[in-house]
1. Per 0.36 nm of contour for each residue apart, how much would the distance between residue 62 and residue 7 grow if the chain were fully extended, relative to their Cα-Cα spacing?
2. For the chain, what size does the Cα cloud have along each of its three principal axes, sorted from largest down, in whole Å?
3. Where does the chain land at 222 nm, in deg cm²/dmol rounded to the nearest 500, when only DSSP H runs of n ≥ 4 count, each adding -39500 (n - 2.57), divided by all residues?
4. Rank by packing, highest mean first: peptides 4-16, 58-70, with packing defined as the count of other Cβ atoms within 10 Å averaged across residues.
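Each value in this text was obtained by applying a stated rule to the coordinates, not by laboratory testing. What you see is a predicted model; the values in this text were computed from it and never measured. All Cβ positions, glycine included, derive from the backbone under ideal geometry; neighbour counts span all protein chains shown.
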């Protein structure tokens, strides 16, 4: 799994099946800065919760992206 999010610590975390898909998403135009995340970064942002225990939502525009919803939001 490969992770990305927005450049803020309260971001939800996007999960990608390939590094290429993640990197394409990070490079695509967005009003907000997008950054790649390591698994450790993702766990830090998500307050150390096990990644498989968090609420997940499929992206509305790209069903290959699953979002891990930040419990602090």
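1. Details: separation 55, 0.36 × 55 = 19.80 nm, distance 2.02 nm.
Using 0.36 nm per residue and subtracting the Cα-Cα distance, I get 17.8 nm.
2. That works out to 28, 22, 20 Å along the principal axes.
3. -6000 deg cm²/dmol
4. On the way: 4-16: 17.5, 58-70: 13.8.
The most tightly packed comes first, giving 4-16, 58-70.
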